[in-house]
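Worksheet for the structure shown next.
Each reported figure results from applying straightforward, stated rules to the coordinates on display, with no laboratory input. The structure displayed is predicted, hence computed values, not measured ones. Here the Cβ positions follow ideal geometry from the backbone for every residue, glycine too, while neighbour counts run over all protein chains shown.
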Ligand SMILES: [Zn+2]
């Protein structure tokens with residue numbers, strides 16, 4: 001197998017046994033990016049020089065006999081909404097096109113401290129608003145399985161980079177499905193942890209009460225390894241959960257005999273492509289074969305989750321994005337007076353979808369509408385959460401499709417916001433409830449990957465990794481590889 | 001016939017808390033530093049950073065609430081107040097909207113000799129904004145404006161009164177009392193000139209006896225106690241004239257122009273911002289432990305009213321003296337420390353009310369800048385009581401202490417100001433004076449008792465003021481018996 005096909009845990013072994021050096025591995029990846037990324041366009045910024053410096057340092061430390069973390073010396077990339085000190089962080093928006101943060105996000109800091117090598121920053125839907133990465137303020141990212149198909153979004157660049165082996169793993173952020181849906185579309189593993197497990201410090205906010213950072217990886221073991229590095233309490237984030245993290249790799253080999261798994265029927269209804277539904281059935285059958293008990297269940301408030309999400313998320317976004325006013329940093333377009341400057345700057349700096357969501361959110365919070373929209377949405381959010389709480393009294397985890405379809409074509413939904421919003425119908429309720437969910441590849445339909453979603457109770461990441469690992473070990477459907485890349 | 005109007009006033013007071021660091025980051029709160037030196041990504045609102053509440057701010061808020069007889073909310077939260085302005089880094093202010101930390105309090109003021117309770121509606125925590133310096137007169141007439149974000153994120157308390165105030169004088173007394181309390185509990189510097197105490201007023205008029213409130217105007221930019229009273233007096237006249245002509249008051253925000261002595265319209269109700277308050281998702285709700293509140297309550301220092309009562313009942317000071325001494329914490333603390341060194345409260349009070357305040361007022365100095373230490377003050381009073389120096393000398397010494405800050409014993413030694421009480425020495429001087437003033441002696445003997453004073457004066461003059469007047473009096477009377485013994 002070529003170096004670039006290996007997972008982080010396989011590379012870890014080679015690095016520890018001095019079979020390869022980090023510099024060698026990093027050069028391999030940078031080379032891959034320079035050849036492939038003209039087509040895929042997963043990266044907004046490639047940090048080649050910095051990556052080689054970091055790799056060199058890790059090699060020196062390893063040579064000096066220092067004990068290094070599992071991810072030391074392994075090339076990775078971050079979604080471009082995670083702050084990196086001295087490296088441009090844009091949110092794929094014109095309004096932040098010149099923004100170089102003077103600080104690292106908590107996840108950046110933790111990964112770099114663990115010896116990770118940063119090869120670049122990944123493209124995304126502007127301010128994480130979208131499900132196809134077509135809303136990037138810069139360019140479109142292509143699905144490594146089919147250049148005419150979207151990679152999903154908003155972490156489309158992060159998912160495509162892993163699928164195309166332009167990074168061993170990446171981090172994405174997930175507000176309503178933004179890690180899991182692109183992971184499904186690009187055939188990689190994506191985890192949205194429990195709200196509060198990973199610090200949001202330095203993650204440029206879209207919707208603060210929903211945003212959560214998580215890994216996109218080639219397999220489940222890598223997912224556990226990355227989570228080990230980035231999870232855990234952070235005093236700089238008041239919403240960070242004061243819960244000590246377990247060793248997530250310890251869950252991997254437990255088997256799933258006797259595990260109770262629910263299949264909520266609301267996630268199997270209208271709009272779910274028949275091919276996706278049949279992959280899900282195959283997955284359930286495999287789980288039963290491995291000793292789990294699968295049965296149909298119900299989360300009755302599912303249909304109200306999406307409207308509630310689009311009120312809560314846009315309300316928070318309207319406030320979170322107000323700071324981009326051209327006064328202190330970022331784009332500034334001069335105007336006749338201060339209000340004119342605000343209008344011109346924001347008019348030129350934000351794309352259509354971002355403006356649409358700011359307007360929606362502003363409206364939902366306005367006097368006279370607040371009770372009817374925002375407060376109502378908060379009540380729905382409680383009902384959705386109650387659904388999950390009830391389900392988890394009976395089940396260890398839930399199984400659903402990650403997205404209703406496989407990757408769609410560019411332009412197919414970009415003129416119809418509602419059709420695009422429906423992409424997240426299976427992922428949004430999870431963010432509202434704050435529970436963890438994992439997307440795992442399970443089969444291909446006409447050459448495009450299908451993702452299945454495992455949903456756990458709060459802080460139940462271990463169970464998701466355990467089930468995912470059991471499937472991965474027992475079904476080749478979980479490990480698709482984009483075979484067309486050579487032709488691209 | 002003319003209608004009698006009742007004035008209805010409520011005050012919104014903002015006070016900067018004197019915590020060491022800002023409310024949501026660890027930048028210092030210090031006033032008067034170089035521009036943009038007390039800033040970090042959090043208080044500059046850079047992308048991705050998050051606020052973390054400074055627990056001291058919560059403690060100060062609870063302390064203030066308890067001092068103002070408030071209920072402390074067991075569950076409270078922070079909200080975002082959204083509006084665009086370049087001094088507001090995030091384009092929202094983190095504040096508290098519907099669940100403030102303190103509510104339902106009251107403050108007792110005294111007006112015309114009678115006590116009156118003024119309701120406190122609520123007290124909430126929020127962050128201050130930065131400061132803009134415009135090239136021209138206003139932001140919209142300037143080629144550029146400069147921003148200083150040192151103040152952005154400094155903790156504020158907003159203390160909102162009920163509309164219980166009925167005159168500009170009541171409003172001023174309320175604000176003075178509030179200032180004294182904030183000073184006593186040591187949560188704020190309460191300096192109106194530096195902006196650590198700011199006051200807005202809601203004011204309306206209604207016909208005497210009416211139950212419903214009239215339309216109010218909100219008055220801003222009153223930067224001193226005097227300005228508060230003058231602005232409200234102006235506003236009452238303005239509203240009265242409109243009402244008397246049968247006009248309607250417009251609900252609006254008006255700004256006080258101190259130089260012109262007028263209020264002017266800033267914005268109408270229609271132009272008012274829709275702040276779109278909603279709970280800040282970056283901060284968790286506050287759950288306050290009642291045990292912690294009790295600890296804060298138990299550690300509250302003595303408040304002005306309690307202290308005043310103690311001064312009148314235990315120390316037998318006149319109410320007038322007690323009121324002035326307790327009117328500011330610095331003065332009250334000074335009093336306590338002098339009494340600790342010289343336990344004659346009435347004498348201490350007399351000296352403070354007389355000499356100390358006279359000199360402070362004359363020189364325009366605040367008590368905290370006074371060079372006389374309470375210990376030296378006490379020492380001086382003790383020296384006087386011992387009879388080492390006379391009252392007149394003591395006043396001279398005190399003036400010297402006030403301007404130099406020197407030890408009284410040192411001043412007395414250097415100026416040779418020791419009182420002569422030796423009867424032998426004084427008898428010699430008295431004999432000389434009697435011999436030199438036969439006419440006065442004759443007058444005195446003839447029954448003009450007042451003449452004795454001029455003889456005492458002569459003795460004092462001969463001794464350069466150092467003679468002990470009590471002994472001089474006694475010796476003169478012995479030497480010049482009115483009736484043969
Ligand atoms: Zn700061």
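Peptide A:320-332: average number of partner chain Cβ atoms within 10 Å per residue? Show your work: numbers first, answer last.
Values: counts 8, 2, 10, 10, 3, 8, 1, 10, 8, 4, 2, 0, 0.
Counting Cβ atoms of other protein chains within 10 Å of each residue's Cβ and averaging gives 5.
How well do other chains shield peptide A:362-368, expressed as the mean number of their Cβ atoms within 10 Å of each residue Cβ? Before the final figure, lay out the partial values.
Details: counts 3, 1, 2, 7, 2, 4, 1.
Counting Cβ atoms of other protein chains within 10 Å of each residue's Cβ and averaging gives 3.
Counting only C-alpha contacts under 8 Å and six or more residues apart, can you give the relative contact order of chain B as a whole percent? Spell out each step's value before the answer.
Details: 837 pairs, mean separation 66.5, N = 485.
RCO, chain B: 14 percent.
State whether segment B:305-407 is rounded, prolate or oblate according to the following rule on the C-alpha gyration tensor (a ≥ b ≥ c being the square roots of its eigenvalues): a/c under 1.5 gives rounded; otherwise a/b larger than b/c gives prolate, and the remaining case gives oblate. Please report the intermediate quantities before stating the final value.
Numbers: a/c = 1.93, a/b = 1.30, b/c = 1.48.
In terms of gyration-tensor shape, oblate.
Hey, how many Å between the Cα centroid of segment A:20-58 and the Cα centroid of segment A:400-455?
30 Å
Please give the Cα centre distance for segment B:336-354 versus segment B:264-331, rounded to the nearest Å.
28 Å
Calculate how many DSSP beta bridges within chain A are antiparallel, expressed in % of all such bridges and rounded to the nearest 5.
Numbers: 30 of 45 bridges.
Antiparallel: roughly 65 percent of the beta bridges in chain A.
In whole Å, what is the distance between the alpha-carbon centres of segment A:136-158 and segment B:163-188?
62 Å
When all C-alpha to C-alpha distances in the protein assembly as shown are sorted into bins of 10 Å, what percent of pairs does each bin hold, rounded to whole numbers?
2, 10, 16, 17, 14, 11, 10, 8, 5, 3, 2, 2, 1, 0, 0
Taking a ≥ b ≥ c as the square roots of the eigenvalues of the Cα gyration tensor of segment B:66-162, is the shape rounded (a/c under 1.5), prolate (a/b larger than b/c) or oblate? Mind dumping the intermediate values first?
Numbers: a/c = 3.53, a/b = 1.80, b/c = 1.96.
Cα axes put segment B:66-162 in the oblate bin.
Treat each spin label as a single point 7 Å out from the Cα along the C-beta direction, and report the residue B:133 to residue B:211 distance in nm.
Using points 7 Å along Cα→Cβ, the separation is 5.6 nm.
Run through all the Cα pairs of segment B:423-479 and give the fraction in each 10 Å bin from 0, expressed as whole percent.
25, 62, 13
For segment B:305-407, what does the relative contact order come out to in percent, with C-alpha contacts under 8 Å and a separation of six or more?
Values: 81 pairs, mean separation 23.8, N = 103.
It rounds to 23 percent for segment B:305-407.
Obtain the nm distance between the two label points defined at residue A:244 and residue A:277 by a simple spin-label model: each point lies 7 Å from its Cα along the Cα-to-C-beta direction.
Here the answer is 4.8 nm between the modelled labels.
Sort A:299, A:68 so that the residue with the fewest other Cβ atoms within 10 Å of its own Cβ comes first and the one with the most comes last. Provide the component values of the computation, followed by the final result.
Working: A:299 23, A:68 17.
Sorted ascending by nearby Cβ count, the order is A:68, A:299.
Give, in nm to one decimal, the length gained when the segment between residue A:479 and residue A:147 is fully stretched (0.36 nm per residue of separation minus the Cα-Cα distance). Could the numbers behind the result be given before it?
On the way: separation 332, 0.36 × 332 = 119.52 nm, distance 2.00 nm.
Net length gain for the segment: 117.5 nm.
Provide the FRET efficiency to the nearest 0.05 for the residue B:432-residue B:368 pair, computing r from the beta carbons and using R0 = 60 Å.
On the way: r = 50 Å, r/R0 = 0.83.
Using R0 = 60 Å, I get an efficiency of 0.75.
Quick one: plug the Kirkwood hydrodynamic radius of segment A:303-380 (C-alpha pairs) into Stokes-Einstein at 25 °C, 0.890 mPa s, and report D in µm²/s.
Result for D is 183 µm²/s.
Can you tell me, using C-alpha contacts under 8 Å and at least 6 residues apart, the relative contact order of chain A as a whole percent?
Details: 1176 pairs, mean separation 84.0, N = 488.
Reported as a whole number, the value is 17 percent.
Could the peptides A:127-138, B:76-87, B:170-181 be put in order, highest first, of the mean number of other beta-carbon atoms found within 10 Å of their residues? Let's see the in-between values first.
Numbers: A:127-138: 27.2, B:76-87: 19.9, B:170-181: 21.4.
Packing proxy ranking, top to bottom: A:127-138, B:170-181, B:76-87.
Using square roots of five times the C-alpha gyration tensor eigenvalues, list the equivalent-ellipsoid semi-axes of chain A in whole Å, biggest first.
Semi-axes, largest first: 31, 29, 21 Å.
Could you work out, for segment A:369-488, what percent of all Cα-Cα pairs fall into each 5 Å distance bin, beginning at 0 Å and stopping at the bin that holds the largest distance?
Calculated over all Cα pairs of segment A:369-488, the distribution is 2, 10, 15, 17, 17, 15, 12, 7, 3, 2, 0 percent.
Rounded, prolate or oblate: which fits segment B:123-277, taking a ≥ b ≥ c as square roots of the Cα gyration tensor eigenvalues, rounded meaning a/c under 1.5, else prolate when a/b beats b/c? Don't skip to the end; give the middle numbers.
On the way: a/c = 1.81, a/b = 1.25, b/c = 1.44.
Verdict is oblate for segment B:123-277.
Once R0 is set to 45 Å, what does the formula 1/(1 + (r/R0)^6) return for the Cβ-Cβ distance between residue B:140 and residue B:104, expressed as a FRET efficiency to the nearest 0.05? Walk me through the intermediate numbers first.
Numbers: r = 42 Å, r/R0 = 0.92.
Computed FRET efficiency for residue B:140 and residue B:104: 0.60.
Multiply the residue gap between residue B:395 and residue B:269 by 0.36 nm, knock off their C-alpha separation, and tell me the result in nm, one decimal place.
Values: separation 126, 0.36 × 126 = 45.36 nm, distance 5.97 nm.
So the chain would gain 39.4 nm between residue B:395 and residue B:269.
Ignore the peptide's own chain and count Cβ atoms of other chains within 10 Å of each Cβ in B:139-147; give me the average, rounded.
Values: counts 3, 5, 1, 2, 0, 0, 2, 0, 2.
The per-residue average across the peptide is 2.
Taking the Cα-to-Cβ direction at residue A:393 and at residue A:64 and moving 7 Å from each Cα, how far apart do the two end points lie in nm?
Using points 7 Å along Cα→Cβ, the separation is 5.7 nm.
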